[in-house]
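**Student:** To start, I am sharing the structure in question, which I have written as structure tokens.
The values are calculated or read from the model by the stated rules, or taken from the named source; none is laboratory data. Everything numeric here is computed off the predicted structure, so don't read it as measured data. Neighbour counts are summed over all protein chains in view; Cβ atoms, including those assigned to glycine, are modelled from backbone coordinates with ideal geometry. Heads up: the accessible areas ignore ligands, DNA and RNA and are worked out on the full protein's heavy atoms, side chains in. Shrake-Rupley method; radii C 1.70, N 1.55, O 1.52, S 1.80 Å.
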Amino acid sequence: MQRPQYANMPPAHSPPLHHPVPQHVSTVPQLRSPPPPQPPSQPQSGYGYAQQGGAPPGQPGAGGYNMPPAFGGFINDPTAQLGFQMGRSAVGAGQAYVEQNFGRFISVAALKHYFNVTNSYVANKLYIVLAPWWHRPWSRAQRMSSNPQDTYYLPPREDLNSPDMYIPMMALVTYIVLSTLLAGLRGAFHPELLGYTATTAISVMLLEILTIKAGTFVLNISSSSQLLDLVAYSGYKFVGVIVSLLLSSLCSHLNFGGSWISWGVFLYCFFANAFFLLRSLRYVLLPDESGQGVGGGAAGYTVARSQRRWRTQFLFIYSYPIQFAFMLWLSSV
């Protein structure tokens, strides 16, 4: 089948196509954001560099932008300054209230004396508490005041024989944590054990303080410095109890020695604590003729022979039977 023939045949070559060329060129403007508004001049910041027309030292320029003030200007705000003044006034009023009311029962200045310790004092004092057999001398150093007739004992950091309250307080906290830790290792830990152990330790301390208070009242020991010394000495037993608990638990874990090792360690710590108290408390309860009494302006007095005998008996009972009962109670927790 043939295709039909047309009269007008298409040209062999079609003319080239030309794209239209614009006669008038129009430019479109580029849209840009306006520059940020310039804030008012700021004062010098707390870091020491200017805030206008520059950047911090060591950094490139910020294009004329200003740096904000330190902490947003909060420190220089009048309201913040008023809050700071009110806070300082409240803290000062609280300290004055505590000193005024707490000072009725005990002197805050006298209490600070027992926390004036150093690292070397703590290390040497722990050695004396655990091994007091070779320590010499036991007398405390004294310092003359403005009045030649008054002498005062040196603080613990200057006298190794001076009692402190730092070691007893740290030993009390360590005993509470150690007792609960050992109970947890034995699988007997429960949440109430921590509170029970703390209550037991504090109860022992309060009962011993009441015993000391009764003894000092009967023996006519009325100086507050003497009472604070006795309270400080009552806390040294926790050092021996901690050592006894640690060594007994270690020997039990290693299956070494059995119960006689535990009793041996406990008895050594007990006799060391009793000997330490017997030597240390002698200057408090048994002042001699040369004036080795208590400080705070009371050194230099002596006691009658009959009262001296009663004080010797009280010192022995406090150092041995009472300490044995309390240390055994604490070790059995």
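**Student:** For HIS253, HIS113, HIS190, what's the largest-to-smallest order of accessible area, 1.4 Å probe?
**Tutor:** On the way: HIS253 145, HIS113 50, HIS190 80 Å².
Largest accessible area first, the list is HIS253, HIS190, HIS113.
**Student:** Using only alpha carbon pairs under 8 Å that are at least six residues apart, calculate the relative contact order of segment 147-245 and give it in whole percent. Display every interim value, and only then the final one.
**Tutor:** Working: 61 pairs, mean separation 40.9, N = 99.
Rounded, it is 41 percent for segment 147-245.
**Student:** Enumerate by residue number the trypsin sites (Lys or Arg not before Pro) in segment 155-251 meeting two conditions: DSSP loop (anything except H, G, I, E, B), and at most 16 other Cβ atoms within 10 Å of the site's Cβ.
**Tutor:** Details: sites: ARG157, ARG186, LYS213, LYS237; in loops: ARG157, ARG186.
Of the trypsin sites (Lys or Arg not before Pro), the ones in loops of segment 155-251 whose Cβ has at most 16 other Cβ atoms within 10 Å are ARG157, ARG186.
**Student:** State the percentage of accessible surface on segment 168-226 attributable to carbon and sulfur atoms; use a 1.4 Å probe and exclude ligands, DNA and RNA.
**Tutor:** Carbon and sulfur atoms account for 74 percent of the accessible area of segment 168-226.
**Student:** Are there any chymotrypsin sites (Phe, Trp or Tyr not before Pro) in segment 174-259 that are in a DSSP loop and have at most 12 other Cβ atoms within 10 Å? List them by number. Kindly include the intermediate steps, with their values, before the conclusion.
**Tutor:** Values: sites: TYR175, PHE189, TYR196, PHE217, TYR233, TYR236, PHE238, PHE256; in loops: PHE189, TYR236, PHE256.
In loop regions of segment 174-259 (DSSP not H, G, I, E or B), the sparsely surrounded chymotrypsin sites (Phe, Trp or Tyr not before Pro) are PHE256.
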